[in-house]
1. Any idea which residue in segment 420-444 is surrounded by the most Cβ atoms within 10 Å (Cβ to Cβ), counting only those that are assigned to a loop (DSSP other than H, G, I, E, B) and at pLDDT below 75?
2. Listed residues PRO182, PRO229; which is within 18 Å of THR251 (Cα to Cα), exposed (fewer than 15 other Cβ atoms within 10 Å of the Cβ), at pLDDT 95 or above and not hydroxyl-bearing (Ser, Thr, Tyr)?
3. Can you name the condition, by its number, that ASP382 falls short on among (1) of a type outside the set (Val, Ile, Thr); (2) surrounded by 14 or more Cβ atoms within 10 Å (Cβ to Cβ); (3) modelled with pLDDT under 90?
4. Show the residue pairs meeting these rules: Cβ distance below 6 Å; 6+ apart or different chains; first residue within segment 4-25 and closer than 16 Å to PHE65 by Cα; second residue of a type in the set (Ser, Thr, Tyr) and assigned to a loop (DSSP other than H, G, I, E, B).
5. For segment 432-444, check the following and say yes or no: at least one residue is farther than 30 Å from ARG368 by Cβ, touching a helix residue (DSSP H, G or I) at 6+ places or on another chain (Cβ under 7 Å) and of a type outside the set (A, V, I, L, M).
6. For CYS302, state whether it is modelled with pLDDT under 90 and touching a Gly at 6+ places or on another chain (Cβ under 7 Å).
7. From ASP447, ASP451, ASP390, ASP458, grab the single residue that is among the acidic types (Asp, Glu) and farther than 22 Å from ASP484 by Cβ.
Amino acid sequence: MNGDVTDFELWDPDGLGPQPLNLVAAGYFAAVDEQDIRNVATWDGTSWYRVGTGVTGGFPVPGTFTLAVLPDNTLVAGGNFTAAGGVSAARIARWNGSAWSAFGSGFNNNVLATAVLPSGSLVAAGSFTASGTTLMNRIATWNGSAWSALGGGVNGPVYCMSVLPNGHLVVGGDFTMAGTIPANRIARWTGSAWVAYGSGMNGDVRVVKPAPDGSLVAGGAFTAAGGVPTGCVARWNAGSWSAIGSGLSGTLNDVAFTPAGGIIAAGGANRSNGLLVGCAAHWNGVTWSPLGEIVPRSFLTCVQMLPSGRLAAGGRFSDPVGDGINRAFFNFGSPAPEIVVQPQSVSKCRSGSAMMQVGANNTPTGYRWQWQQDGNPTAWSDLVEGINQDSQGQPVVRVSGSATPTLTIETLAAFAQVNPRLFRCVATNPCGVANSDGAALSLCVADSDCDSDTDSDDVLGFFTAFDAGDNAADADGDGDTDSDDVIVFFESWESGC
(Lines give C-alpha, C1' and ligand atoms only; values in the text may rest on other atoms or scores of the structure.)
Protein backbone atom coordinates (compact mmCIF):
# COMPACT_ATOMS: atom_id res chain seq x y z
CA MET A 1 0.00 0.00 0.00
CA ASN A 2 1.06 3.59 -0.46
CA GLY A 3 -0.44 4.62 2.89
CA ASP A 4 -1.13 3.42 6.43
CA VAL A 5 -2.96 0.18 7.21
CA THR A 6 -5.31 0.53 10.20
CA ASP A 7 -7.33 -2.69 10.54
CA PHE A 8 -7.67 -6.29 9.34
CA GLU A 9 -10.66 -8.59 9.08
CA LEU A 10 -11.13 -12.13 7.75
CA TRP A 11 -13.94 -12.41 5.19
CA ASP A 12 -15.16 -15.17 2.88
CA PRO A 13 -16.43 -13.46 -0.32
CA ASP A 14 -18.79 -16.30 -1.30
CA GLY A 15 -19.63 -17.90 2.03
CA LEU A 16 -19.55 -21.68 1.50
CA GLY A 17 -18.52 -21.26 -2.14
CA PRO A 18 -15.15 -22.18 -3.66
CA GLN A 19 -13.38 -18.86 -3.08
CA PRO A 20 -10.76 -18.84 -0.31
CA LEU A 21 -11.02 -16.91 2.93
CA ASN A 22 -9.73 -13.37 2.28
CA LEU A 23 -7.82 -10.99 4.47
CA VAL A 24 -9.35 -7.51 4.21
CA ALA A 25 -7.15 -4.48 4.92
CA ALA A 26 -8.43 -1.03 5.84
CA GLY A 27 -6.49 2.21 5.94
CA TYR A 28 -5.37 5.37 4.19
CA PHE A 29 -4.16 4.32 0.76
CA ALA A 30 -5.01 4.91 -2.89
CA ALA A 31 -2.80 2.27 -4.50
CA VAL A 32 -1.83 -1.33 -3.81
CA ASP A 33 0.82 -3.02 -5.95
CA GLU A 34 0.33 -0.19 -8.46
CA GLN A 35 -3.43 -0.83 -8.67
CA ASP A 36 -6.03 1.87 -8.02
CA ILE A 37 -7.45 0.56 -4.71
CA ARG A 38 -9.07 3.09 -2.38
CA ASN A 39 -8.79 2.51 1.37
CA VAL A 40 -10.18 -1.08 1.40
CA ALA A 41 -8.43 -4.06 -0.19
CA THR A 42 -8.70 -7.85 -0.10
CA TRP A 43 -5.90 -10.43 -0.24
CA ASP A 44 -6.75 -14.00 -1.36
CA GLY A 45 -3.36 -15.44 -0.48
CA THR A 46 -1.86 -14.59 -3.85
CA SER A 47 -2.95 -11.12 -4.96
CA TRP A 48 -4.58 -7.89 -3.80
CA TYR A 49 -8.00 -6.90 -5.17
CA ARG A 50 -10.16 -3.78 -5.00
CA VAL A 51 -13.54 -3.73 -3.23
CA GLY A 52 -15.66 -1.94 -5.80
CA THR A 53 -14.22 1.54 -6.20
CA GLY A 54 -13.53 1.73 -2.48
CA VAL A 55 -14.35 4.64 -0.17
CA THR A 56 -13.62 8.31 -0.85
CA GLY A 57 -14.26 11.82 0.47
CA GLY A 58 -13.63 12.94 4.01
CA PHE A 59 -11.43 15.66 5.51
CA PRO A 60 -8.50 16.06 5.63
CA VAL A 61 -7.84 12.64 4.05
CA PRO A 62 -10.39 9.90 3.36
CA GLY A 63 -9.70 6.61 5.07
CA THR A 64 -11.08 3.48 6.69
CA PHE A 65 -10.43 2.78 10.38
CA THR A 66 -12.43 -0.35 11.13
CA LEU A 67 -13.93 -3.46 9.50
CA ALA A 68 -16.57 -6.01 10.52
CA VAL A 69 -18.46 -8.91 8.93
CA LEU A 70 -22.20 -9.38 9.50
CA PRO A 71 -23.87 -12.81 9.80
CA ASP A 72 -25.12 -12.56 6.18
CA ASN A 73 -21.47 -12.16 5.05
CA THR A 74 -21.85 -8.43 4.37
CA LEU A 75 -18.56 -6.55 4.82
CA VAL A 76 -18.80 -3.35 6.91
CA ALA A 77 -16.30 -0.46 6.74
CA GLY A 78 -16.21 2.54 9.05
CA GLY A 79 -13.92 5.55 9.07
CA ASN A 80 -13.54 9.07 7.76
CA PHE A 81 -15.23 9.07 4.34
CA THR A 82 -18.35 10.47 2.73
CA ALA A 83 -18.85 8.07 -0.17
CA ALA A 84 -18.46 4.35 -0.88
CA GLY A 85 -18.48 3.08 -4.45
CA GLY A 86 -19.75 6.47 -5.61
CA VAL A 87 -22.75 6.26 -3.23
CA SER A 88 -23.17 8.85 -0.46
CA ALA A 89 -22.24 7.16 2.83
CA ALA A 90 -21.42 9.18 5.93
CA ARG A 91 -18.48 7.38 7.57
CA ILE A 92 -19.96 3.88 7.50
CA ALA A 93 -20.94 1.62 4.59
CA ARG A 94 -21.45 -2.02 3.61
CA TRP A 95 -20.33 -4.18 0.69
CA ASN A 96 -22.59 -7.09 -0.29
CA GLY A 97 -20.13 -8.67 -2.70
CA SER A 98 -21.13 -6.57 -5.69
CA ALA A 99 -22.06 -3.04 -4.53
CA TRP A 100 -21.58 -0.54 -1.72
CA SER A 101 -24.54 0.98 0.17
CA ALA A 102 -25.05 3.34 3.09
CA PHE A 103 -26.26 2.62 6.63
CA GLY A 104 -29.04 5.18 6.92
CA SER A 105 -27.84 8.68 7.71
CA GLY A 106 -24.43 7.54 8.91
CA PHE A 107 -22.65 9.80 11.41
CA ASN A 108 -21.42 13.34 11.84
CA ASN A 109 -17.86 12.32 12.77
CA ASN A 110 -15.44 9.43 12.52
CA VAL A 111 -16.33 5.78 13.09
CA LEU A 112 -13.30 4.24 14.80
CA ALA A 113 -14.59 0.82 15.91
CA THR A 114 -17.25 -1.71 14.94
CA ALA A 115 -18.51 -4.94 16.51
CA VAL A 116 -21.20 -7.52 15.84
CA LEU A 117 -23.24 -8.81 18.78
CA PRO A 118 -24.35 -12.47 19.06
CA SER A 119 -27.83 -11.32 17.98
CA GLY A 120 -26.32 -10.15 14.69
CA SER A 121 -26.76 -6.47 15.56
CA LEU A 122 -24.04 -4.08 14.39
CA VAL A 123 -22.50 -1.63 16.87
CA ALA A 124 -20.52 1.40 15.70
CA ALA A 125 -18.45 3.70 17.89
CA GLY A 126 -16.01 6.57 17.52
CA SER A 127 -16.00 10.34 17.94
CA PHE A 128 -19.48 11.08 16.51
CA THR A 129 -22.31 12.68 18.46
CA ALA A 130 -25.24 12.31 16.05
CA SER A 131 -26.71 10.28 13.22
CA GLY A 132 -28.75 12.65 11.09
CA THR A 133 -30.77 14.66 13.61
CA THR A 134 -30.65 11.98 16.32
CA LEU A 135 -28.16 12.71 19.10
CA MET A 136 -26.00 9.87 20.41
CA ASN A 137 -22.84 9.85 22.45
CA ARG A 138 -20.18 8.08 20.39
CA ILE A 139 -21.71 4.60 20.34
CA ALA A 140 -24.77 3.37 18.46
CA THR A 141 -26.59 0.23 17.25
CA TRP A 142 -28.22 -0.43 13.89
CA ASN A 143 -31.80 -1.75 14.10
CA GLY A 144 -32.12 -2.57 10.41
CA SER A 145 -33.34 0.84 9.28
CA ALA A 146 -31.78 3.47 11.58
CA TRP A 147 -29.12 4.09 14.21
CA SER A 148 -30.04 4.39 17.91
CA ALA A 149 -28.03 5.35 21.00
CA LEU A 150 -26.60 2.57 23.18
CA GLY A 151 -27.10 2.98 26.90
CA GLY A 152 -26.52 6.71 26.98
CA GLY A 153 -23.12 6.33 25.34
CA VAL A 154 -19.83 7.62 26.73
CA ASN A 155 -18.36 11.09 27.24
CA GLY A 156 -15.27 10.70 25.06
CA PRO A 157 -14.12 8.95 21.90
CA VAL A 158 -14.23 5.16 21.62
CA TYR A 159 -11.20 3.58 19.93
CA CYS A 160 -11.92 -0.14 20.25
CA MET A 161 -14.61 -2.73 21.00
CA SER A 162 -14.78 -6.49 21.52
CA VAL A 163 -17.57 -8.95 22.22
CA LEU A 164 -17.01 -11.35 25.12
CA PRO A 165 -18.00 -15.04 24.99
CA ASN A 166 -21.05 -14.22 27.17
CA GLY A 167 -22.24 -11.62 24.62
CA HIS A 168 -21.27 -8.55 26.66
CA LEU A 169 -19.64 -5.68 24.78
CA VAL A 170 -16.35 -4.16 26.03
CA VAL A 171 -15.41 -0.67 24.84
CA GLY A 172 -12.17 1.22 25.30
CA GLY A 173 -11.14 4.77 24.50
CA ASP A 174 -10.58 8.13 26.15
CA PHE A 175 -13.68 8.65 28.30
CA THR A 176 -14.43 8.85 32.01
CA MET A 177 -18.18 8.10 32.04
CA ALA A 178 -20.24 5.31 30.51
CA GLY A 179 -23.92 6.13 30.75
CA THR A 180 -24.21 7.54 34.26
CA ILE A 181 -21.37 5.58 35.92
CA PRO A 182 -17.70 6.55 36.29
CA ALA A 183 -15.60 4.40 33.95
CA ASN A 184 -12.03 5.41 33.23
CA ARG A 185 -11.40 4.59 29.58
CA ILE A 186 -12.85 1.07 29.64
CA ALA A 187 -16.36 -0.24 30.33
CA ARG A 188 -18.66 -3.17 29.60
CA TRP A 189 -22.25 -3.12 28.29
CA THR A 190 -24.22 -6.10 29.58
CA GLY A 191 -27.19 -5.55 27.29
CA SER A 192 -29.02 -3.47 29.88
CA ALA A 193 -26.40 -1.57 31.91
CA TRP A 194 -22.84 -0.26 31.90
CA VAL A 195 -20.26 -1.80 34.26
CA ALA A 196 -16.81 -0.40 35.05
CA TYR A 197 -13.60 -2.45 35.14
CA GLY A 198 -12.33 -1.44 38.56
CA SER A 199 -10.82 2.03 38.52
CA GLY A 200 -9.83 1.66 34.87
CA MET A 201 -6.73 3.14 33.25
CA ASN A 202 -4.78 6.38 33.56
CA GLY A 203 -4.48 6.80 29.78
CA ASP A 204 -6.47 5.94 26.68
CA VAL A 205 -7.27 2.34 25.74
CA ARG A 206 -6.77 1.41 22.09
CA VAL A 207 -7.37 -2.35 22.08
CA VAL A 208 -9.45 -4.74 24.19
CA LYS A 209 -9.64 -8.45 23.34
CA PRO A 210 -10.73 -11.57 25.22
CA ALA A 211 -7.86 -14.03 25.57
CA PRO A 212 -8.22 -17.79 25.04
CA ASP A 213 -7.71 -18.36 28.79
CA GLY A 214 -10.85 -16.31 29.61
CA SER A 215 -9.05 -13.16 30.73
CA LEU A 216 -9.28 -9.76 29.01
CA VAL A 217 -6.19 -8.09 27.55
CA ALA A 218 -6.13 -4.32 27.07
CA GLY A 219 -3.51 -2.04 25.57
CA GLY A 220 -3.08 1.63 24.83
CA ALA A 221 -1.24 4.70 26.05
CA PHE A 222 -1.65 4.08 29.78
CA THR A 223 0.93 3.18 32.41
CA ALA A 224 -1.35 1.83 35.14
CA ALA A 225 -4.56 -0.21 35.31
CA GLY A 226 -6.64 -0.35 38.46
CA GLY A 227 -3.90 1.60 40.18
CA VAL A 228 -1.36 -1.15 39.42
CA PRO A 229 1.75 -0.18 37.38
CA THR A 230 1.40 -2.21 34.17
CA GLY A 231 2.98 -0.29 31.33
CA CYS A 232 0.84 -0.05 28.21
CA VAL A 233 -0.60 -3.59 28.38
CA ALA A 234 -2.64 -5.18 31.17
CA ARG A 235 -4.76 -8.22 31.93
CA TRP A 236 -8.16 -8.30 33.68
CA ASN A 237 -8.84 -11.60 35.43
CA ALA A 238 -10.93 -12.63 38.42
CA GLY A 239 -12.03 -9.05 39.11
CA SER A 240 -8.70 -7.22 39.07
CA TRP A 241 -6.03 -5.80 36.79
CA SER A 242 -2.46 -7.08 36.66
CA ALA A 243 0.69 -6.52 34.63
CA ILE A 244 1.72 -9.06 31.99
CA GLY A 245 5.27 -9.92 32.98
CA SER A 246 7.40 -6.80 33.21
CA GLY A 247 4.95 -5.03 30.88
CA LEU A 248 5.69 -2.78 27.94
CA SER A 249 6.53 0.93 27.96
CA GLY A 250 5.32 2.92 24.98
CA THR A 251 2.05 2.72 23.06
CA LEU A 252 0.05 -0.37 22.11
CA ASN A 253 -2.48 -0.40 19.25
CA ASP A 254 -3.49 -4.05 18.83
CA VAL A 255 -2.90 -7.58 20.12
CA ALA A 256 -3.27 -11.06 18.66
CA PHE A 257 -3.11 -14.45 20.35
CA THR A 258 -0.87 -17.18 18.97
CA PRO A 259 -1.75 -20.88 18.69
CA ALA A 260 0.80 -21.52 21.44
CA GLY A 261 -1.07 -19.25 23.86
CA GLY A 262 1.28 -16.29 23.50
CA ILE A 263 0.45 -12.65 22.84
CA ILE A 264 1.62 -10.51 19.91
CA ALA A 265 1.58 -6.81 20.85
CA ALA A 266 1.63 -4.22 18.07
CA GLY A 267 2.59 -0.59 18.64
CA GLY A 268 5.54 1.77 18.48
CA ALA A 269 9.13 1.54 19.68
CA ASN A 270 8.20 -0.32 22.86
CA ARG A 271 10.48 -1.56 25.60
CA SER A 272 10.14 -4.25 28.24
CA ASN A 273 12.24 -3.98 31.38
CA GLY A 274 14.59 -1.70 29.45
CA LEU A 275 14.92 -4.06 26.47
CA LEU A 276 13.93 -2.60 23.10
CA VAL A 277 11.29 -4.91 21.61
CA GLY A 278 10.23 -2.60 18.76
CA CYS A 279 6.85 -2.34 17.12
CA ALA A 280 6.03 -6.05 17.47
CA ALA A 281 6.60 -7.83 20.80
CA HIS A 282 5.94 -11.46 21.69
CA TRP A 283 4.86 -12.68 25.14
CA ASN A 284 5.63 -16.40 25.47
CA GLY A 285 4.11 -16.80 28.91
CA VAL A 286 7.35 -15.92 30.69
CA THR A 287 8.89 -12.85 29.09
CA TRP A 288 8.52 -10.24 26.34
CA SER A 289 10.89 -10.34 23.37
CA PRO A 290 11.10 -8.79 19.88
CA LEU A 291 9.10 -10.62 17.22
CA GLY A 292 11.65 -11.06 14.48
CA GLU A 293 13.84 -8.19 13.35
CA ILE A 294 13.32 -4.79 14.99
CA VAL A 295 12.31 -2.36 12.23
CA PRO A 296 13.39 1.25 12.97
CA ARG A 297 11.23 4.36 12.59
CA SER A 298 8.08 2.26 12.52
CA PHE A 299 4.80 1.50 14.20
CA LEU A 300 2.16 -1.18 13.79
CA THR A 301 -1.55 -0.46 14.03
CA CYS A 302 -3.06 -3.91 13.55
CA VAL A 303 -2.18 -7.61 13.69
CA GLN A 304 -4.24 -10.62 12.63
CA MET A 305 -3.54 -14.32 13.10
CA LEU A 306 -4.44 -16.23 9.94
CA PRO A 307 -5.93 -19.75 9.90
CA SER A 308 -2.55 -21.06 8.73
CA GLY A 309 -1.03 -19.89 12.02
CA ARG A 310 0.85 -17.07 10.29
CA LEU A 311 0.70 -13.44 11.28
CA ALA A 312 -0.38 -10.44 9.20
CA ALA A 313 0.64 -7.00 10.43
CA GLY A 314 -0.12 -3.51 9.16
CA GLY A 315 0.82 0.06 9.97
CA ARG A 316 3.56 2.40 8.83
CA PHE A 317 7.16 1.33 8.88
CA SER A 318 10.49 1.41 7.11
CA ASP A 319 11.99 -1.69 5.57
CA PRO A 320 14.84 -3.28 7.57
CA VAL A 321 17.61 -1.48 5.64
CA GLY A 322 15.86 1.86 5.74
CA ASP A 323 15.88 2.52 2.00
CA GLY A 324 12.14 2.77 1.46
CA ILE A 325 8.72 2.81 3.06
CA ASN A 326 6.56 -0.29 3.15
CA ARG A 327 3.14 0.56 4.50
CA ALA A 328 1.50 -2.85 4.27
CA PHE A 329 3.41 -5.51 6.08
CA PHE A 330 2.88 -9.25 6.21
CA ASN A 331 5.08 -11.12 8.61
CA PHE A 332 4.39 -14.71 7.73
CA GLY A 333 5.75 -16.60 10.71
CA SER A 334 7.64 -19.88 10.52
CA PRO A 335 5.88 -23.17 11.29
CA ALA A 336 5.52 -24.36 14.86
CA PRO A 337 8.69 -25.75 16.47
CA GLU A 338 9.70 -29.34 15.80
CA ILE A 339 11.79 -31.31 18.28
CA VAL A 340 14.71 -32.78 16.35
CA VAL A 341 16.99 -33.75 19.28
CA GLN A 342 15.20 -35.50 22.13
CA PRO A 343 16.52 -35.38 25.73
CA GLN A 344 18.13 -38.63 26.81
CA SER A 345 17.52 -40.57 30.02
CA VAL A 346 20.42 -40.48 32.44
CA SER A 347 21.50 -42.04 35.74
CA LYS A 348 23.54 -40.31 38.42
CA CYS A 349 24.84 -40.83 41.93
CA ARG A 350 23.85 -38.61 44.86
CA SER A 351 26.57 -36.00 44.33
CA GLY A 352 27.28 -34.03 41.18
CA SER A 353 24.74 -33.11 38.54
CA ALA A 354 23.09 -34.50 35.41
CA MET A 355 22.42 -32.71 32.13
CA MET A 356 19.60 -32.98 29.59
CA GLN A 357 19.53 -31.25 26.22
CA VAL A 358 16.92 -30.67 23.52
CA GLY A 359 17.13 -29.41 19.95
CA ALA A 360 14.29 -27.79 17.99
CA ASN A 361 14.01 -26.22 14.55
CA ASN A 362 11.75 -23.43 13.16
CA THR A 363 13.28 -20.78 15.43
CA PRO A 364 11.84 -21.34 18.91
CA THR A 365 11.44 -18.12 20.86
CA GLY A 366 11.10 -19.85 24.22
CA TYR A 367 12.01 -23.03 26.07
CA ARG A 368 10.34 -24.33 29.22
CA TRP A 369 11.49 -27.45 31.07
CA GLN A 370 8.91 -29.45 33.02
CA TRP A 371 8.92 -32.46 35.35
CA GLN A 372 6.53 -34.98 36.81
CA GLN A 373 6.69 -33.48 40.26
CA ASP A 374 5.22 -36.43 42.19
CA GLY A 375 5.68 -39.15 39.60
CA ASN A 376 2.15 -38.79 38.18
CA PRO A 377 2.55 -39.83 34.51
CA THR A 378 -0.10 -37.36 33.31
CA ALA A 379 0.84 -34.32 35.40
CA TRP A 380 3.60 -32.04 34.13
CA SER A 381 4.74 -28.98 36.12
CA ASP A 382 7.06 -26.16 35.06
CA LEU A 383 10.48 -26.14 36.69
CA VAL A 384 11.83 -22.95 38.23
CA GLU A 385 15.44 -21.91 38.58
CA GLY A 386 16.91 -23.18 41.85
CA ILE A 387 15.22 -25.59 44.25
CA ASN A 388 12.01 -27.35 43.18
CA GLN A 389 9.82 -29.09 45.74
CA ASP A 390 7.27 -31.88 45.57
CA SER A 391 3.63 -31.27 46.50
CA GLN A 392 4.50 -31.95 50.16
CA GLY A 393 7.05 -29.14 50.19
CA GLN A 394 10.09 -31.42 50.25
CA PRO A 395 13.09 -30.25 48.20
CA VAL A 396 13.65 -32.70 45.35
CA VAL A 397 15.93 -31.13 42.71
CA ARG A 398 17.97 -28.01 42.15
CA VAL A 399 18.08 -26.94 38.49
CA SER A 400 19.58 -24.31 36.22
CA GLY A 401 18.80 -23.56 32.59
CA SER A 402 15.06 -24.16 32.98
CA ALA A 403 14.32 -21.69 30.14
CA THR A 404 17.12 -22.83 27.80
CA PRO A 405 17.72 -25.90 25.63
CA THR A 406 20.10 -27.35 28.27
CA LEU A 407 18.91 -28.32 31.76
CA THR A 408 21.31 -29.08 34.60
CA ILE A 409 19.85 -31.10 37.49
CA GLU A 410 21.16 -31.74 40.99
CA THR A 411 19.19 -34.28 43.05
CA LEU A 412 18.28 -33.53 46.66
CA ALA A 413 17.29 -35.82 49.54
CA ALA A 414 13.61 -36.37 48.66
CA PHE A 415 14.34 -37.38 45.05
CA ALA A 416 14.70 -41.04 46.06
CA GLN A 417 11.07 -41.21 47.16
CA VAL A 418 10.03 -41.34 43.48
CA ASN A 419 12.92 -42.82 41.52
CA PRO A 420 13.22 -42.33 38.55
CA ARG A 421 11.46 -39.08 37.62
CA LEU A 422 10.62 -37.81 34.13
CA PHE A 423 11.62 -34.48 32.59
CA ARG A 424 10.69 -32.88 29.24
CA CYS A 425 11.14 -29.60 27.36
CA VAL A 426 8.44 -27.42 25.76
CA ALA A 427 9.62 -25.32 22.79
CA THR A 428 7.45 -22.44 21.56
CA ASN A 429 7.31 -19.80 18.88
CA PRO A 430 4.45 -17.50 17.82
CA CYS A 431 3.04 -20.21 15.55
CA GLY A 432 2.87 -23.16 17.91
CA VAL A 433 4.31 -25.40 20.58
CA ALA A 434 6.17 -28.72 20.65
CA ASN A 435 6.73 -31.06 23.59
CA SER A 436 9.81 -33.27 23.72
CA ASP A 437 9.64 -36.89 24.81
CA GLY A 438 9.99 -37.50 28.52
CA ALA A 439 13.50 -38.45 29.68
CA ALA A 440 14.08 -40.32 32.95
CA LEU A 441 16.54 -39.21 35.59
CA SER A 442 17.46 -42.16 37.80
CA LEU A 443 19.31 -41.90 41.09
CA CYS A 444 21.76 -44.75 41.67
CA VAL A 445 21.73 -44.87 45.47
CA ALA A 446 24.11 -47.87 45.48
CA ASP A 447 26.98 -45.92 43.86
CA SER A 448 27.92 -44.32 47.14
CA ASP A 449 31.45 -43.37 46.02
CA CYS A 450 30.24 -41.98 42.67
CA ASP A 451 32.74 -43.92 40.57
CA SER A 452 30.04 -45.13 38.11
CA ASP A 453 30.40 -48.69 39.42
CA THR A 454 28.75 -50.71 42.19
CA ASP A 455 31.18 -52.81 44.20
CA SER A 456 32.34 -53.56 47.74
CA ASP A 457 33.66 -50.03 48.14
CA ASP A 458 30.07 -48.77 47.85
CA VAL A 459 28.91 -51.17 50.57
CA LEU A 460 31.67 -49.94 52.85
CA GLY A 461 30.85 -46.32 52.07
CA PHE A 462 27.13 -46.86 52.70
CA PHE A 463 27.58 -48.51 56.11
CA THR A 464 30.12 -45.91 57.16
CA ALA A 465 27.51 -43.23 56.46
CA PHE A 466 24.75 -45.36 57.98
CA ASP A 467 26.62 -45.87 61.28
CA ALA A 468 27.23 -42.13 61.45
CA GLY A 469 23.55 -41.30 60.76
CA ASP A 470 24.66 -39.38 57.68
CA ASN A 471 22.03 -38.34 55.10
CA ALA A 472 24.20 -40.03 52.47
CA ALA A 473 22.77 -43.33 53.78
CA ASP A 474 19.15 -42.16 53.45
CA ALA A 475 18.60 -44.43 50.45
CA ASP A 476 14.80 -44.11 50.42
CA GLY A 477 14.82 -40.32 50.86
CA ASP A 478 12.45 -40.27 53.84
CA GLY A 479 14.72 -38.06 55.97
CA ASP A 480 15.79 -40.89 58.30
CA THR A 481 18.40 -43.68 58.28
CA ASP A 482 16.98 -47.06 59.24
CA SER A 483 16.60 -50.66 58.07
CA ASP A 484 14.49 -49.55 55.11
CA ASP A 485 17.53 -47.76 53.72
CA VAL A 486 19.58 -50.95 53.92
CA ILE A 487 16.92 -52.81 51.91
CA VAL A 488 16.71 -50.04 49.25
CA PHE A 489 20.51 -49.82 49.05
CA PHE A 490 21.03 -53.54 48.43
CA GLU A 491 18.17 -53.73 45.91
CA SER A 492 19.94 -51.00 43.95
CA TRP A 493 23.39 -52.57 44.50
CA GLU A 494 22.29 -56.03 43.29
CA SER A 495 20.71 -54.53 40.13
CA GLY A 496 23.87 -52.60 39.39
CA CYS A 497 21.71 -49.45 38.98
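The values are calculated or read from the model by the stated rules, or taken from the named source; none is laboratory data. Just so it is clear, the model here is predicted, and its values are computed rather than measured. We place every Cβ from the backbone using ideal geometry, glycine too, and count neighbours over all the protein chains shown.
1. Here the answer is PRO430.
2. The unique qualifying residue is PRO229.
3. Answer for ASP382: the failing condition is (3).
4. ASP4/TYR28
5. No, because not a single residue in segment 432-444 is farther than 30 Å from ARG368 by Cβ, touching a helix residue (DSSP H, G or I) at 6+ places or on another chain (Cβ under 7 Å) and of a type outside the set (A, V, I, L, M).
6. No: the conditions fail for CYS302.
7. ASP451
Conditions (1) within 30 Å of the chain's Cα centre (by Cα); (2) assigned to a loop (DSSP other than H, G, I, E, B); (3) more than 22 Å from GLY314 (Cα to Cα); (4) hydroxyl-bearing (Ser, Thr, Tyr), marked per residue:
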{"position": "THR53", "(1), (2), (3), (4)": "no, yes, no, yes"}
{"position": "PHE59", "(1), (2), (3), (4)": "no, yes, yes, no"}
{"position": "LEU67", "(1), (2), (3), (4)": "yes, no, no, no"}
{"position": "ASP72", "(1), (2), (3), (4)": "yes, yes, yes, no"}
{"position": "ALA90", "(1), (2), (3), (4)": "no, yes, yes, no"}
